[in-house]
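Right, one structure below, let's go through it.
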Amino acid sequence: LKEAVLNHPRIVLHLSSEIASVEGSIGNFRTVIRSASGEVAVNHGAIVVATGADPYRPTEYLYGTDPGVMTQRELEERLARAISTDPLLPRSVVMIQCVGSRDKEHPSCSRICCQEAVKNAIKYKELRPEAPTYVLYRDIRTYGFREEYYRQARERGAIFLRYDDDERPVVERREGKLLVALRDPILDRRVEIATDVVVLSAGIVPPAGNEALAKILKVPLTQDRFFLEAHLKLRPVDFATDGIFVCGMAHGPKSVDESI
């Protein structure tokens, strides 16, 4: 896809650039693009805002201070190049859901965290079928047609343990061991799990430049700092300003099925 875009005769890419100003209206926009080499003005008829989103960088659960704590994306990179005999492959895994999602600072569900955890759990169990694999969750939300993979993960032996939001898991390194403790609301008892690695299902956050771009385009943001459509049902990809449209995760967290 990258090569197709780079080599397309009717697509012009401005890399390492930013929007300096936007003037005009539908059918007659004029945008000034700024880069290290200077500014260039482009005349065009419409604008598609596709700024995407960023992964939340955890500050909790010892992330960044303990080498045994990683994100789902980091685990995925390790699994992609691993074989079953790889000595660097974890001997056990505990995944913690809703890290940077569905809290006071980030109230929305990030929509991809559960399916990423389920996908990586399946891949990990393929490589090490006997390895203990736990997924600590508040609610499993496998959007679209991902429910089937949740069933597969359970059939392969992944254990799903629920936790309450007001009693989140505790991760600590004790006597050289990585331990995860939580209260299971179904058993109504405290559970402590020793594990090789802890994997955090980090949420989705808006890019830092959304506020500046929204001011330039004169379009609104949601309270979560994603772009706000004109009408949820009637105009879900339009802004109130004609000729400006919103695409993909610029609109907010979406599952893969919704982004296509």
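The accessible surface of the range 90-190, taken with every protein chain in place and a 1.4 Å probe, is 46 percent carbon and sulfur.
What does the charge add up to near F29, with Lys and Arg as +1, Asp and Glu as -1, over the other residues with Cβ less than 14 Å from its Cβ?
Here the count lands on 0.
Label the chain by shape, choosing from rounded, prolate and oblate, from the square roots a ≥ b ≥ c of the eigenvalues of the Cα gyration tensor; if a/c is under 1.5 it is rounded, and otherwise prolate applies when a/b is larger than b/c, oblate when it is not.
Because a/c hits 1.5 or more and a/b exceeds b/c, the chain counts as prolate.
Shape class of the range 105-211 from the Cα gyration tensor (axes a ≥ b ≥ c, square roots of the eigenvalues): oblate, since a/c reaches 1.5 or more and a/b does not exceed b/c. For the chain, the number of Lys pairs separated by eight or more positions or lying on different chains, with C-alpha atoms closer than 29 Å, is 19.
Solvent exposure of the range 135-260, expressed per residue, is 56 Å² of accessible area, with all protein chains present and a 1.4 angstrom probe.
Going by a ≥ b ≥ c, the root eigenvalues of the Cα gyration tensor, does the range 175-260 fall in the rounded group (a/c under 1.5), the prolate group (a/b larger than b/c) or the oblate group? It would help to have the intermediate numbers written out before the result.
Numbers: a/c = 3.57, a/b = 2.67, b/c = 1.34.
Note, shape of the range 175-260 comes out prolate.
In a shell of Cβ-Cβ distance under 14 Å around E18, excluding E18 itself, what net charge do Lys and Arg (+1) and Asp and Glu (-1) give? Overall, the nearby charge balance is 0. Dipole magnitude for the range 110-186: about 260 debye, using +1 per Lys or Arg Cβ and -1 per Asp or Glu Cβ, origin at the Cα centre. Taking every DSSP beta bridge that has both ends in the chain, the antiparallel portion is near 60%.
Over the range 26-84, with every protein chain in place, what whole percent of the accessible area is carbon and sulfur at 1.4 Å, could you tell me? Provide the component values of the computation, followed by the final result.
On the way: 1810 of 3590 Å².
Carbon with sulfur: 50 percent of the solvent-accessible area.
Solvent-accessible area of S16, all protein chains in place: 120 Å² (probe radius 1.4 Å, heavy atoms, ligands and nucleic acids excluded).
Sequentially through the range 23-32, phi angles give Karplus couplings (6.51, -1.76, 1.60; θ = phi - 60°) of 10, x, 8, 3, x, 8, 7, 9, 10, 9 Hz, Gly and Pro residues having no value and appearing as x.
The values are calculated or read from the model by the stated rules, or taken from the named source; none is laboratory data. Since we're looking at a predicted model, the values are computed, not measured. FYI the Cβ positions are ideal-geometry reconstructions off the backbone, even for glycines, and counts take in every protein chain you see. These area figures cover heavy atoms from the full protein model, side chains too; ligands, DNA and RNA do not enter into them. Shrake-Rupley method; radii C 1.70, N 1.55, O 1.52, S 1.80 Å.
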